[in-house]
Each structure stands twice: as structure tokens, then as C-alpha cells.
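See below for the structure under consideration.
Read the figures in this text as sums done on the coordinates, not as results from a lab. What you see is a predicted model; the values in this text were computed from it and never measured. Positions of Cβ are backbone-derived with ideal geometry, glycine not excepted, and every protein chain shown enters the neighbour counts.
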Amino acid sequence: MYPTIQVDDAGTVLAYTDTGAPPASPYTTLFAVHGMTFSSLIFSRLAAAAHARGLRFVAVTRRNYPGSSPFTPDELNIMAGGTPAQKTKFMRARGHELARFVDAFMQRHGLPCLSADGRSGGVALMGWSLGCSVVVPTLAHVETLPDAVKARLGANIRAVILNEPIPIMLGLPTPEGSWSPILDTSVPEDVRFSMFSQWVSGYFAHPALPTRDPSALSSFVPSLHRPPSVFSMSAAEQGSFLVGSEVAKPDVPLMSGFEETQRVNFQTACFGETARALLPRMRIHHVVGGETIAFSLAAFWAVEDEDKEHGAGFINFKFIEHANHFHFWDKPQDAMQLLIDCIEGLS
């Protein structure tokens, strides 16, 4: 059984894994939220690299994944076909759950506070892939948290890392020509999720990368120059963090029906004056790999353009050549150095 933290008055819990406090203190704690079909255990290599580098690493399990509370029938109905108001409330609740989790963990374990000079202690949040669907609303709805929670988070969040988000999670339109086996109804339903794990962890050759044209990206078939990351996972590893379709299926509506809601959340989180004022020590980073899925590259370019439209400097961008969607699995030491650079404001 995984340890859990209750995050609301209804008894909802989020499970987690924790590397524990590193030998030296004050240390920083990184809270990471996983994506689709892969549970929080997918971060095992990254967690080991973090602990060796003096960082405490907490992998948070999203709702409906092993150890955390399943979605209720009402929540599933909203995901499948709720009104805009219901979807706004739904995503606010997911953001509040993560915020309350971080706050409760900080207090339970007496995490080191962020120092006055911002160079030690404090916490960082990372959403990977669909995990950004939780991290973005956490920032967007910080204003509606209880005052004490709001104050503690505002004083201690030093970095937020959006690691390979897809457009819909940021309220951006899906580029023309994009494709995923999860969303393709011509793919037999019983193989969509297994096909997805191979596709999403592949290495894609994007000859038209310099054009920054999302429609020219390779969306369908990974390159042959390197096998998908999932092939380097042992059977035991796959069994520990690859979940079945019955667990991951509720994520599918998040990839197609929350654009309007997430658009507001993204704008508020990254460019809104209120969120920035309440989280004054936060720096936001957006990370993408050059051989990742087309969705992630399209989102990266769109956010770069949007940041410029707002005057630039709201978000820090990091492009990793030759990296795929699972850079943290294939090269955990390199990925950890990148995350440390983000946390320390060096990237």
C-alpha cells in the first residue's frame, strides 16, 4: 500500500512515493505529477537521481490511479459531457487537491522553507504530459484556497516545470494533422492503450523542425533510429507502472473536452497578475524534447509565441535536442540536471 494524504473534507486521498529527506539540509522538494497510462512509479529513475543530488522527490499519484481515490460517478459524467461551468469547477477541484496535498506534506514533514535569498529550501512542482492538467489549475486557482494554505504556498513555491504538456492541457487548439492512437476510433479499443505506450515513448524524426510548422511534424510513426523507451523497461517495471485501460480511460475526455476551461486556467496561471502576486517567488519553465511527439512540440511553439505576445519573460523555455517524451527515463541524470537548473533559476 502507498502512503496517502487526504485532500478534502469528502475523504479524497492522493497516494505518493517519497525519497525522504536527503542528508544535507536545507533541501528543496520536487513534487512530480505523472501523465496518462503510466502511474507515478514511472518516475523511479528520476527519483533515484534526485536523491543522489540532494533533492527530495515526491511522486504524486493522480486521481483514479492506484492508491489514489477513484473518480466518482458524478465526476465521470462531468468529464464525459459536463457544462462549461461544471468543467471549470471540476478542474478547480483537481488544482485544489494538489495544492492541499503539497501544503499538507510540507507541514507533516517539516520541509525546509524557501530561504530569503531564494537559493535553498522551498518546493517545486512538475507536471509531465497529462500531469500538467493538474499543475496548471493549481496555479490558476490559488486565489480560492484558504488563506493559510495560500500563504504557505506563496512563500515556498520557487519553480513550476511544465514538462512536455500537450496543447489541450494549456487550452490550445490541436494542430491540424495531429494523431494519437488513443483518439483514433479506427484503432480497436482493446489495443489502443498498449499501442499508445509504444507510440508516445517513441523517438520521432521531425525533418521540418526548423520551420516551426506543427502541420509538418511527424505524428504517426516513430523513427527507426532508436527504439521506444517502453522497450527498455523490464516486464516487472512495466507491470509496476503501466496501468490498464479501465484505469486510464477516464483521462481520454481530458484530451478532447476541456480546451475552453484549460485556456482560462493557463492564461490565469502563467500571465495573470493575481496568481503572480500570490506566488511571487515562482518561476515557470516549459521543457520539450526535439524528438518527442508532435503534440508537445506544437504546444511548446504556441506557448513561446504567446509569451512574446505578453511581453516575454513570463515563462522560461528549454529545448532538449534528441530527447523524446521519456527523457527522464532514458537519461535520468541529464533530466535531473535540467530540473535542478530550472529550480535554481539557471535554465
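Which of rounded, prolate, oblate describes the chain, given a ≥ b ≥ c as roots of the alpha-carbon gyration tensor eigenvalues and a/c under 1.5 marking rounded, otherwise prolate only if a/b is larger than b/c? Rounded, since a/c falls under 1.5.
Note on the chain: antiparallel DSSP beta bridges, both residues inside, total approximately 20 percent of the bridges counted.
Place a point 7 Å from Cα of THR211 in the direction of its Cβ. Which residues in the range 283-311 have their backbone N less than 15 Å from it? Those under the cut-off are 298.
Taking 1.306 mPa s as the viscosity and 10 °C as the temperature, the Stokes-Einstein diffusion coefficient of the range 120-210 based on its alpha-carbon Kirkwood radius rounds to 98 µm²/s. Projecting label points 7 angstrom from Cα along Cα→Cβ for HIS225 and ASP117 puts them 4.3 nm apart.
Just checking the listed ones, ASP74, ASP103, ASP213: in the Gaussian network model of the chain with Cα springs under 10 Å, the one fluctuating most is ASP74.
Going from the residue with the fewest nearby Cβ atoms within 10 Å to the one with the most, MET79, MET36 rank MET79, MET36. Run the Debye formula on the Cα coordinates of the range 231-295, all scatterers equal and no solvent, and tell me log10 I(q)/I(0) at q = 0.13, 0.19, 0.28 1/Å. So the normalised log intensities work out to -0.70, -1.02, -1.12. Taking amide hydrogens as placed 1.01 Å from N in the peptide plane, the amide H of MET126 sits under 5 Å from those of PHE31, ALA32, VAL33, ILE161, each at least 5 positions away in sequence or on another chain.
Farthest towards the positive end of the charge dipole of the chain, among the residues GLY121, SER296, PRO332, is the Cα of GLY121, using unit charges on the Cβ of Lys, Arg, Asp and Glu.
Note on the chain: with charges restricted to the Cβ of Lys and Arg (+1) and Asp and Glu (-1), its dipole about the Cα centre is near 820 debye. With an a/c value of 1.5 or above and a/b larger than b/c for the gyration tensor axes a ≥ b ≥ c computed over the alpha-carbon atoms, the range 211-347 is described as prolate. What separates the Cα centres of the range 208-247 and the range 327-347 is a distance of 20 Å. How would you rank SER218, SER223, going from fewest to most other Cβ atoms within 10 Å of each one's own Cβ? Arranged by neighbour count, lowest to highest, SER218, SER223 become SER223, SER218.
Between MET1 and ALA236, the modelled label-to-label distance comes to 2.5 nm, taking each label 7 Å out from Cα in the direction of the beta carbon. When the charge dipole of the range 84-238 is built from unit charges on Cβ atoms (+1 for Lys and Arg, -1 for Asp and Glu) and taken about the Cα centre, the candidate among ILE168, SER201, ILE157 whose Cα reaches farthest toward its positive end is ILE157.
Fewest neighbouring Cβ atoms within 10 Å first, the residues VAL243, VAL303 line up as VAL243, VAL303. In this structure the amide hydrogen of ILE320, modeled in the peptide plane, comes within under 5 Å of the amide hydrogens of VAL288, GLY289, GLY290, none closer than 5 places in sequence on its chain.
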